[in-house]
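Data first, discussion second: the structure below is written as structure tokens.
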Amino acid sequence: MAWKIKAIVLAVLVAATGFAGAAYADPFPIRIGWVQTPGHMAPVIEELANRHPELFKHLGQSYTMQPIRFNGTTPQIQAQAIEELEIASQAPSALALAIGNAHLDERIVADVLSDGHGDYYSENFVVMADGGIKTIEDVKGKRIATNTIGSASDSAMRTMFRKHGIQDADFTTVETNFANMPAMLDGGKVDMIGVLPQFADGIVGNDKYKVLFTARDAVGPTQAVMWAIRAKTIAAHREAFVDFFEDYIRAIRWFLDPTNHKEAVAICAEVTKLPEQRLDYAFTKADFYHSPDALPDVALVQREIDEAVELKVLPKPVTVDPQYVDLSLVQEAKRRLDGK
């Protein structure tokens, strides 16, 4: 009888172990917020995985990925707060609000894009050449387009306005998608827009329009957008995130490799539904800068937050390093790839 009891116990243990193993083997679903692509690379990387699965050693094994679109970085704060988003794309201003106002235990983990890095692209803020805006001071009383209040674009714009004595109450903010802005400017619905690289062709350098200033003019080179994950999410799924970043860095390097440029542009066209000729700038100096190692510039994040607080664009200061930084995920992923 004793041997039967032992056999039953052993069977239960084996079954339990099997179920535990099956649960552990389920890939962790990583939901990633993004705003515009190919600047935010999550959607084009998803398409790359469809075309070149050999580049993604861990996809479907330890993790899956789902890019989720937002109009800006600040709406992603709420999505993370209610645990509907694992990785948020955040501007320095959005990160400061997530930490200081929403009290989220955020960690800066990776680069998304830098504005004004070296001789790479910087967002252009554009008005009609024959309109009523000749100087920055002329924006008083005008309608100013922004993708969302608190975004990287929005914060750079408001910082420049503050430097010229213009407060938020001095103009009307019109929130809209970047893709809608050129038509709204042409149609007289707004008086100034921000122009991303995919919309620059036909606007920047066209005498019909005037570049009033760039984001680099406003805030200098910036870590415009970074990825942030909540600390408790990292702790619970660390190995899956390292696997994800190993595949992610491999994918970034594929896109940045000039030998892949033609196919990279074709992928961007498939995802954005824009003509390939409109996207030939992608992953060149005419684009925003992407770190080939996915490493963000934390010092630039802090500098932008400090300046925004000083100019009252942000309500209160936040010191990001070391408490709100965890670069160990991308560093470990890089070591796996580079062997050092």
Checklist outcome for this item: Expected output for segment 237-251 (first residue under 11 Å from Val330 (Cα atoms), partner modelled with pLDDT under 95, Cβ below 8 Å, 6+ apart or cross-chain) is none
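Yes or no, residue by residue, for (1) at pLDDT 90 or above; (2) out of contact with any Lys or Arg (no Cβ under 8 Å at 6 or more places or on another chain):
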residue	(1), (2)
Trp3	no, yes
Ile8	no, yes
Val12	no, yes
Phe19	no, yes
Pro38	yes, yes
Glu47	yes, yes
Asn50	yes, yes
Leu55	yes, no
Leu59	yes, yes
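Working carefully through the options Asp280, Asp326, find the one that is in contact with a His (Cβ under 9 Å, 6 or more places away or on another chain) and surrounded by 15 or more Cβ atoms within 10 Å (Cβ to Cβ).
Details: Asp326 fails: in contact with a His (Cβ under 9 Å, 6 or more places away or on another chain).
Every option except Asp280 fails the conditions.
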Checklist outcome for this item: Counted residues in segment 192-228 being buried (at least 19 other Cβ atoms within 10 Å of the Cβ) and closer than 20 Å to Leu95 by Cβ come to 12
Checklist entry - Would a scan of segment 29-36 turn up a residue that is surrounded by 21 or more Cβ atoms within 10 Å (Cβ to Cβ) and assigned to a loop (DSSP other than H, G, I, E, B)? => result yes
Checklist entry - Can you spot a residue in segment 246-256 that is farther than 26 Å from Ala215 by Cα and of a type in the set (A, V, I, L, M)? => result yes
Item to check | Residue, surrounded by the fewest Cβ atoms within 10 Å (Cβ to Cβ), within segment 47-60, restricted to residues that are of a type outside the set (A, V, I, L, M), part of a helix (DSSP H, G or I) and in contact with a helix residue (DSSP H, G or I) (Cβ under 8 Å, 6 or more places away or on another chain) | outcome: Arg51
Checklist outcome for this item: In segment 174-188, residues that are out of contact with any helix residue (DSSP H, G or I) (no Cβ under 8 Å at 6 or more places or on another chain) and either in a loop (DSSP other than H, G, I, E, B) or surrounded by fewer than 20 Cβ atoms within 10 Å (Cβ to Cβ) (or both) total 8
Item to check | Qualifying position, being under 21 Å from Leu95 (Cα atoms), outside the structural domain of Met160 (by TED's automatic domain parsing) and surrounded by fewer than 19 Cβ atoms within 10 Å (Cβ to Cβ), among Pro296, Pro275, Pro317, Pro292 | outcome: Pro317
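Can you spot a residue in segment 234-256 that is assigned by TED's automatic domain parsing to the domain that holds Phe28 and not in a helix (DSSP H, G or I)? Quick ask: steps written out before the conclusion?
Within segment 234-256, the first condition is being assigned by TED's automatic domain parsing to the domain that holds Phe28, and the residues that meet it are 234-256.
Still in the list and also not in a helix (DSSP H, G or I): 237.
Taking every residue of segment 234-256 in turn, at least one turns out to be assigned by TED's automatic domain parsing to the domain that holds Phe28 and not in a helix (DSSP H, G or I).
Tally the residues that are part of a helix (DSSP H, G or I) and either touching a strand residue (DSSP E or B) at 6+ places or on another chain (Cβ under 9 Å) or at pLDDT below 95 (or both), restricting the search to segment 280-304. Quick ask: steps written out before the conclusion?
The first filter runs over segment 280-304 and keeps only residues part of a helix (DSSP H, G or I), leaving 298-304.
Those left that are additionally either touching a strand residue (DSSP E or B) at 6+ places or on another chain (Cβ under 9 Å) or at pLDDT below 95 (or both): 298-301, 303-304.
Count: 6.
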Item to check | helices (runs of 4 or more DSSP H) contained entirely in segment 62-164, each with at least 3 residues that are surrounded by 24 or more Cβ atoms within 10 Å (Cβ to Cβ), in the same structural domain as Leu314 (by TED's automatic domain parsing) and in contact (Cβ under 8 Å) with a residue 40 or more places away in the chain | outcome: 92-100
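The values are calculated or read from the model by the stated rules, or taken from the named source; none is laboratory data. Everything numeric here is computed off the predicted structure, so don't read it as measured data. When we count neighbours, we look across all protein chains shown, and the Cβ atoms used for this are built from the backbone with ideal geometry, even at glycine.
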